[in-house]
Each structure stands twice: as C-alpha cells, then as structure tokens.
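**Student:** Got a structure here, written out as structure tokens. Questions coming.
The values are calculated or read from the model by the stated rules, or taken from the named source; none is laboratory data. These figures come from a predicted structure and were not determined experimentally. Positions of Cβ are generated from backbone atoms using ideal geometry, with glycine treated the same way; all protein chains shown enter the neighbour counts.
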Amino acid sequence: MILGMCIIFFFYSCQKKSQDKGPLSKHLEPVLLSFEVYNHTQGFLMSFERTLEPRARVTIDLGELDVEGVDENRMVVREGRFGPRIDFTQSGVVHFKAPEDDESYTLYLLNASNGADYRKVDTWTNTNEGVLEYIPPFKWYREDRNDFQGSEDVITDAIDQLNDALDYPWANYGRFQRIDQRENNSFAVGYGYCRNQFGWHSPYWAGVNPDHCRTHEMKLGTFLEEIFELITRLNDIGGQDSATLITDADTGNLNGLGKDFLAYVFVKDEKI
C-alpha cells in the first residue's frame with residue numbers, strides 16, 4: 001500500500017514538473033526586435049533587427065549606427081511608430097529590457113542640419129522645464145484681456161505653423177485643437193497688456209501686446225514665442241529672447257531651428 005502511494009506521488013510530481021516546464025520553455029524562445037531609425041524632422045534613415053532572449057538587456061549605441069546629420073548624443077526609443085516612450089538618452093546609449101514577444105520600435109535621432117544645440121532645452125529639464133505642459137492634443141480658445149483687441153488671422157497663422165511643425169508623413173507628434181470656450185487642461189490665446197511687454201504667457205494664457213507689436217511679422221513671431229514657451233515650459237531659450245532663436249526676423253515665421261526644438265520636446269516627453 002505504501003509502495004503504491006509512493007508510485008502515485010512520484011507520477012504526480014513528474015507530471016506537475018513537466019507541465020511547469022511548458023510555459024518556461026515558451027518564454028525562452030528568442031524574440032525578434034525590429035528597429036526603424038528616423039531623423040526626427042527629416043525622415044527615415046535606416047532599419048535593423050536583433051534576436052535576443054526574452055527579458056535580455058538591449059543596448060543600442062548611437063555611435064555604431066551609420067547615420068549622419070544628427071545630434072551625436074541624443075536618442076529616443078518608442079514602441080511602434082510613436083507609441084509609449086521606452087528610453088531616452090543624452091549620452092548616446094540606450095538600455096532597456098527585451099519583451100517576451102516580438103516587437104517593433106522606432107529610434108528617433110535629433111536633426112542637426114539646422115545647427116540645433118539641444119542643451120538649450122535640456123538645461124532646464126531637471127527643473128521640470130523643457131517638458132510638455134499638457135498632453136496632446138492641446139486645446140486652446142480665444143481670449144483677449146485688458147480691453148486689447150487684434151486680428152485673429154495672425155493667431156491662426158501661428159497655430160497652423162506649430163501644427164505643421166509637428167505633423168510628418170511618418171508620425172504626428174501632437175496637435176493644437178481650437179475649442180469655443182475654456183475646458184479643463186486648456187489655455188487661451190489673445191491680445192492683452194502683457195505686463196507692458198511685447199508678449200507674455202502663463203500656463204493658461206499666451207498673449208501679445210498690439211501697442212508694442214505693430215506689424216504682422218512682430219505679432220506672429222511673438223505669438224509663436226509665447227505659445228512655444230507655454231507648451232514647453234521654457235523661457236528665453238539659451239538666455240535670450242526665444243523669438244530671436246526660433247523665428248525668422250523678417251517674416252516672423254517659425255524657422256528650422258524652432259521646428260527642431262519644438263518636435264524634440266514632443267518626441268522625448270514620456271507623457272505621450
């Protein structure tokens with residue numbers, strides 16, 4: 001009787017161990033990781049694949065990628081084309097853990113063709129600046145203050161340029177969406193006293209003083225500056241008036257540097 005019980009126990013134990021090995025064996029199967037590499041404002045650069053054990057450490061060194069025209073230190077890894085942020089580096093190397101199933105990723109490298117010094121954004125990140133104020137889409141509405149008024153065309157022009165700077169064939173990084181009146185997590189744009197300056201912003205309002213900004217070009221450049229600073233929590237990028245850095249003085253339009261800086265904040269922000 002005792003011998004019979006031992007045989008039954010031994011048989012049951014072997015069965016259980018055999019069953020336990022099933023899922024573990026599946027998890028040990030290698031996974032295929034596919035990567036596409038993009039210049040964040042210029043487009044596709046290259047692709048590659050790696051086969052690794054599940055949960056293995058993945059290391060990607062930017063210096064080993066055969067690419068040109070990008071910042072040598074910064075790289076963002078996102079799941080899929082523009083899914084959750086997996087990792088971000090300012091040192092040229094990213095590390096993350098391989099998933100348990102095949103997965104595709106996009107590596108965003110930062111455009112250098114316009115001479116962008118991304119340290120002018122990163123300098124402030126540790127003080128909760130150089131990050132997005134809200135989660136896209138950004139909801140905005142028109143609101144003038146202090147009995148000031150002005151044309152809406154220039155505001156529309158500024159918003160359109162910001163949207164264009166975030167919309168690419170490979171991904172849309174974010175969008176400014178107009179609403180009729182204030183809602184939660186929204187901000188206003190309009191004309192006002194602006195503390196007697198060309199323009200001014202808080203987390204909830206971005207404005208231009210039309211008495212100081214008399215031309216369309218000045219209004220446009222100032223609206224672009226104030227909205228940009230509101231959204232990115234940046235002020236006077238590089239220690240100077242942001243408009244002189246991110247807009248063209250003759251036209252007021254957002255320039256290539258402004259587009260690179262704006263898209264950079266979106267691409268690296270982990271809230272998206």
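**Student:** Please indicate, with yes or no, whether at least one residue in the stretch 203-214 is closer than 20 Å to Asp122 by Cβ and crowded, with 24+ Cβ neighbours inside 10 Å.
**Tutor:** Looking for residues that are closer than 20 Å to Asp122 by Cβ and crowded, with 24+ Cβ neighbours inside 10 Å, one finds none in the stretch 203-214, hence no.
**Student:** Does Tyr141 satisfy being aromatic (Phe, Trp, Tyr) and either within 18 Å of Thr41 (Cα to Cα) or outside the structural domain of Ala171 (by TED's automatic domain parsing) (or both)?
**Tutor:** So Tyr141 fails the test.
**Student:** Inspect the stretch 12-32 for any residue being in contact with an Asp or Glu (Cβ under 6 Å, 6 or more places away or on another chain), outside any loop (DSSP other than H, G, I, E, B) and either exposed (fewer than 12 other Cβ atoms within 10 Å of the Cβ) or at pLDDT 95 or above (or both) and give the result as yes or no.
**Tutor:** yes
**Student:** Of Leu230, Leu224, Leu254, which residue is hydrophobic (A, V, I, L, M, F, W, C) and more than 25 Å from Gln181 (Cα to Cα)?
**Tutor:** Answer to the check: Leu254.
Table: residues versus (1) of a type in the set (A, V, I, L, M, F, W, C); (2) touching a residue at least 40 places away in the same chain (Cβ under 8 Å); (3) surrounded by fewer than 19 Cβ atoms within 10 Å (Cβ to Cβ); (4) more than 14 Å from Trp170 (Cβ to Cβ).
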| residue | (1), (2), (3), (4) |
| --- | --- |
| Ser47 | no, no, yes, no |
| Thr59 | no, no, yes, yes |
| Asp66 | no, no, yes, yes |
| Met75 | yes, no, no, yes |
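**Student:** Now a separate question. Taking the stretch 127-143 on its own, how many of its residues are in a loop (DSSP other than H, G, I, E, B) and either free of Cβ contacts under 8 Å to residues at least 60 places away in the same chain or of a type outside the set (Asp, Glu) (or both)?
**Tutor:** 8
**Student:** Looking at Phe198, is it in the same structural domain as Ala243 (by TED's automatic domain parsing), of a type in the set (A, V, I, L, M, F, W, C) and in contact with a His (Cβ under 7 Å, 6 or more places away or on another chain)?
**Tutor:** In short, yes.
**Student:** Counting just the residues of the stretch 140-178 that are under 29 Å from Ile272 (Cα atoms) and touching a Gly at 6+ places or on another chain (Cβ under 6 Å), which one comes out surrounded by the most Cβ atoms within 10 Å (Cβ to Cβ)?
**Tutor:** The qualifying residue surrounded by the most Cβ atoms within 10 Å (Cβ to Cβ) is Leu166.
**Student:** Going through the stretch 152-169 one residue at a time, which ones are more than 15 Å from Phe138 (Cβ to Cβ) and under 14 Å from the mean Cα position of the chain (by Cα)?
**Tutor:** Hit for the stretch 152-169 is Tyr168, nothing else.
**Student:** Any idea which of (1) in a loop (DSSP other than H, G, I, E, B); (2) out of contact with any helix residue (DSSP H, G or I) (no Cβ under 8 Å at 6 or more places or on another chain) is the one Gly150 doesn't satisfy?
**Tutor:** Going through (1) in a loop (DSSP other than H, G, I, E, B); (2) out of contact with any helix residue (DSSP H, G or I) (no Cβ under 8 Å at 6 or more places or on another chain) one by one, Gly150 breaks only (2).
**Student:** Next question, about the same structure. Mind checking which residues of the stretch 201-216 are touching an Asp or Glu at 6+ places or on another chain (Cβ under 7 Å) and free of Cβ contacts under 8 Å to residues at least 40 places away in the same chain?
**Tutor:** The answer is His201, Ala206.
**Student:** Ok, one more. Does Phe266 fit the bill of being assigned to a helix (DSSP H, G or I), crowded, with 21+ Cβ neighbours inside 10 Å, at pLDDT 95 or above and not hydroxyl-bearing (Ser, Thr, Tyr)?
**Tutor:** Here the answer is yes, as Phe266 does meet what is asked.
**Student:** Does the stretch 109-117 contain any residue that is of a type outside the set (Ser, Thr, Tyr), at negative phi, more than 15 Å from the chain's Cα centre (by Cα) and in a helix (DSSP H, G or I)?
**Tutor:** no
**Student:** Scan the stretch 91-103 and report the pairs whose first residue is of a type in the set (Val, Ile, Thr) and whose second residue is surrounded by fewer than 16 Cβ atoms within 10 Å (Cβ to Cβ) and part of a strand (DSSP E or B), with Cβ atoms within less than 7 Å and a gap of 6+ or a chain change.
**Tutor:** The qualifying pairs are Val93/Thr59; Val93/Asp61.
**Student:** Check Trp124 against each of (1) modelled with pLDDT of 95 or more; (2) under 29 Å from Gly238 (Cβ atoms) and name the one condition it does not meet.
**Tutor:** (1)
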